[in-house]
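Take this structure first; my questions come after.
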2 protein chains.
Amino acid sequence: MAKSDGGDACAGKRGSIGARRNPATEVAILDAAGAIVDEGGIGALTMEAVARRARAGKATVYRWWPTRGALLLAVYERQKQTDGYPDTGTLEGDMAAVLRLLFAYWKRPEGALFRHIVAAAQSDPELAEALETFRKERLASLTEVIGRTAARGELAQDLPVADMARAVMAMAWLHLLTGQLDADPVALARVLVRGWGHTA
Amino acid sequence: MAKSDGGDACAGKRGSIGARRNPATEVAILDAAGAIVDEGGIGALTMEAVARRARAGKATVYRWWPTRGALLLAVYERQKQTDGYPDTGTLEGDMAAVLRLLFAYWKRPEGALFRHIVAAAQSDPELAEALETFRKERLASLTEVIGRTAARGELAQDLPVADMARAVMAMAWLHLLTGQLDADPVALARVLVRGWGHTA
C-alpha cells in the first residue's frame, strides 16, 4: 500500500477547483475506485489507493466523498439512469416499473457490488452508516413516486406512504440478496400494492 | 487448526447411534459450534473444529449437518420457540405477531448471527445454498400460517399466498439488515396485509 499520504505529494496530480467538483477529477476518482473494486473487491478500496490511482489529493477525495462507504455507493450508482421512474398511470404499474428497473440494474456488475456493500455493512459500522444514508435517500425517492398516486387522490389515507415505500424496497432487497432477480416484477408489485389505493 | 482428521481418531469421542441422532452428541456438537462462533465469528467455524471440540467424529457432524452452513443455521435456530405462531383471528394480527416474534429473536445474539450468515452467503456459494434451503422452509411455514386465513375463506383468490409470505419475510429481513428491529410490527403488518383479505 506504499507510504501514507504519498499520493498527495505526487507531481502532476489532478486538482479540484475549490468547493465545486472538477468534473475531470470526479471521473478520474470514480474510474479509479471502480477499477480497484473490480480488481480486488470492496475490501481493496481505501481512500489512499483511490487518490494514488486517480492522481488526486486524498483531501479532494475526502471532500467529495466523506467515507469509503460513500465512495463505494457512488461507484454503485454511477451507471444508473437518472431520468427517474416512468409514470404508468397506476400504482401497481409504477411499482412494477420500479422493481423491473432495479432488477435489471442489479443483473449488471453493480448488483454484485451492492450485495457486497450490504454484506460488509453488517460488520462495518462506518459502511453501515453510509449505506443507511444512501438507503434513506432512495426511500425518499420511492416515497415521492408513490406520492404521485396520493396526489391523484387514489391512496388509502391511513397508511403511511413511507411504509409502502419500505415494503417495496424490502421486496427488492430480498430478491437481490437471495439471487432471485428473475422474479416477475408485476406479480410482486401486485401483492404489495393491493389495498394501498382506492382504485388500485 | 491441528492436523486434519485428528479429531476422528480421538479416544473417548462421542458416538452416534446409527442413522438416528444421539441427543447428547447433538447437544455437544451444537454447544461446540455455538462456542466457536461466539469466540471467533462464523469464519472460525469448520466441521473439523466442531468435531474436535465436541469430541465427536467428523463423519457424525457431516451426517447430521451436511455443510457448515446447515450447522450455522442449526445454531441460529436453536433457541427459537417451537410452539409456532399465535392464531390471533385476523391476518393482520397474525402477521404482526410473526414480525414481533422475529424482531424479538433477532434482538438476541442470534440476530447478529443471522445477519452474518446472510452477509457471508453473498460471497460463499455453499453457505448461500444452505441459507436458501433454510429460507424456503421458513417461507413454507409462513405460507402455512397465512393459509389458515385462506382456510377461513378470507383471502383474495387471485394473489398467491407464497407471494404474501415473501413480502412479510422481505419486510423482516430489511429491518434486520438495517438495524431497525424497534420498528412497529403492527404498522408494518398493516401496510402489507391491507388488500390481501376480503375482511382484513
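Using a 1.4 Å probe on protein heavy atoms, which residues of segment B:163-182 have at least 10 Å² less accessible area in the complex than alone?
Residues passing the criterion (a loss of at least 10 Å², heavy atoms only) are B:D163, B:R166, B:A167, B:A170, B:M171, B:W173, B:L174, B:H175, B:L177, B:T178, B:Q180.
Still on this structure, I have one more. Relative to the other copies, what are the label-point distances for B:A104, with labels 7 Å from Cα along the C-beta vector, expressed in nm at one decimal and sorted shortest first?
4.5
In Å² (nearest 100), what accessible area is buried between A and B, both sides summed, heavy protein atoms only, 1.4 Å probe?
Details: alone 10430 and 10430 Å², together 18120 Å².
Approximately 2700 Å², summed over both chains.
Follow-up. When the Karplus curve 6.51 cos²θ - 1.76 cosθ + 1.60 is applied with θ = phi - 60°, which whole-Hz ³J(HN,Hα) does each residue of segment B:32-47 get, with x for Gly and Pro?
4, 4, x, 5, 5, 5, 4, 7, x, x, 5, x, 7, 7, 10, 4
Additional query: Comparing A:L102, A:L174, A:L91, which has the greatest mean-square fluctuation in the GNM of chain A with Cα pairs linked when under 10 Å apart?
Top of the fluctuation ranking is A:L174.
Would you mind checking which residues have amide H under 5 Å from A:G197's amide H? H placed 1.01 Å from N; only 5 or more apart, or other chain.
For A:G197, the qualifying residues are A:A156.
Tabulate in residue order the Karplus-calculated ³J(HN,Hα) for segment B:178-189, using 6.51 cos²θ - 1.76 cosθ + 1.60 with θ = phi - 60°, rounded to whole Hz; enter x for Gly and Pro.
For segment B:178-189, the Karplus-derived couplings read 10, x, 10, 7, 8, 4, 7, x, 5, 5, 5, 4 Hz, x marking Gly and Pro.
Right, something else. Would you grab the residues whose amide H sits under 5 Å from the one on A:A56? Only those 5+ places off in sequence or on another chain, please, with H modelled 1.01 Å from N.
Amide H to amide H, under 5 Å and 5 or more residues apart or across chains, A:A56 pairs with A:R14.
Comparing the chain by itself with all protein chains present, which residues of segment A:93-131 are at least 30 Å² less accessible (probe 1.4 Å)?
Hits at the 30 Å² cut-off: A:R115, A:H116, A:A119, A:Q122.
Defining the label point at 7 Å along Cα→Cβ, can you sort the distances from B:A24 to the same site in each other copy, shortest first, in nm?
For B:A24, the inter-copy label distances come out at 7.7 nm.
In Å, the Kirkwood hydrodynamic radius of the protein assembly as shown over pairs of distinct alpha carbons? Present the calculation step by step, with values, prior to reporting the outcome.
On the way: mean 1/r = 0.0424 Å⁻¹.
Over the protein assembly as shown, the inverse of the mean reciprocal pair distance is 23.6 Å.
What do you get for Rg/Rh of chain A when both radii come from the Cα atoms and Rh is the Kirkwood radius? Display every interim value, and only then the final one.
On the way: Rg = 19.6 Å, Rh = 18.6 Å.
That ratio equals 1.06.
Something else: Which chain B residue hugs the B-A rotation axis most tightly by its Cβ, and what is that distance in angstrom, to the nearest whole number?
Nearest Cβ to the rotation axis, residue and whole-Å distance: B:G195, 1.
For B:N22, what residues show an amide H to amide H distance below 5 Å, using hydrogens built from the backbone and excluding near sequence neighbours?
B:I17
Here is a follow-up. Placing the label point 7 Å from Cα along the Cα-to-Cβ direction, what are the distances from A:Q81 to the equivalent spots in the other copies, shortest first, in nm to one decimal?
4.8
Quick one: Cα centre-to-centre distance for segment B:170-187 and segment A:59-88, in angstrom?
25
If you plug each phi of segment A:63-80 into the Karplus form 6.51 cos²θ - 1.76 cosθ + 1.60 with θ = phi - 60°, what whole-Hz ³J(HN,Hα) values come out, in order, with x for Gly and Pro?
5, 8, 10, x, 9, 5, x, 4, 5, 4, 5, 5, 5, 4, 7, 4, 8, 5
Provide the per residue accessible area, probe 1.4 Å, for segment B:91-193, rounded to a whole number of square angstrom. All intermediate terms of the calculation are to be shown ahead of the outcome.
Numbers: 3850 Å² over 103 residues.
Ligands and nucleic acids excluded, the figure is 37 Å² per residue.
While we're on this one: Where in segment A:100-200 are there trypsin sites (Lys or Arg not before Pro) that are in a DSSP coil and have at most 16 other Cβ atoms within 10 angstrom of their Cβ?
Working: sites: A:R100, A:K107, A:R115, A:R135, A:K136, A:R138, A:R148, A:R152, A:R166, A:R190, A:R194; in loops: A:K107, A:R152, A:R194.
When the trypsin sites (Lys or Arg not before Pro) of segment A:100-200 are filtered for loop state and at most 16 Cβ neighbours within 10 Å, A:K107, A:R152 remain.
Just the number, please: carbon plus sulfur as a percent of the accessible area of the protein assembly as shown, 1.4 Å probe, no ligands or DNA/RNA counted.
Working: 9630 of 18120 Å².
Answer for the protein assembly as shown: carbon and sulfur cover 53 percent of the accessible area.
As a quick test, which of the pairs A:K80/B:K107; A:K136/B:K107; B:K107/B:K136; A:K136/B:K80 have an alpha carbon distance above 26 angstrom in this structure?
Numbers: A:K80/B:K107 35 Å; A:K136/B:K107 22 Å; B:K107/B:K136 23 Å; A:K136/B:K80 32 Å.
Too far apart for the 26 Å limit: A:K80/B:K107; A:K136/B:K80.
Using only alpha carbon positions, build the gyration tensor of segment B:91-193, then give the equivalent ellipsoid semi-axes as the square roots of 5 times its eigenvalues, largest first, whole angstrom. Don't jump to the answer; show the numbers that get you there.
Numbers: eigenvalues 124, 59, 20 Å².
Largest first, segment B:91-193 gives 25, 17, 10 Å.
The values are calculated or read from the model by the stated rules, or taken from the named source; none is laboratory data. All of these numbers come straight from a predicted model, not from anything done at the bench. As a convention, Cβ positions derive from the backbone with ideal geometry for all residues, glycine included, and neighbour counts pool all protein chains shown. Heavy atoms of the whole protein, side chains included, go into the accessibility calculation; ligands, DNA and RNA do not. Shrake-Rupley method; radii C 1.70, N 1.55, O 1.52, S 1.80 Å.
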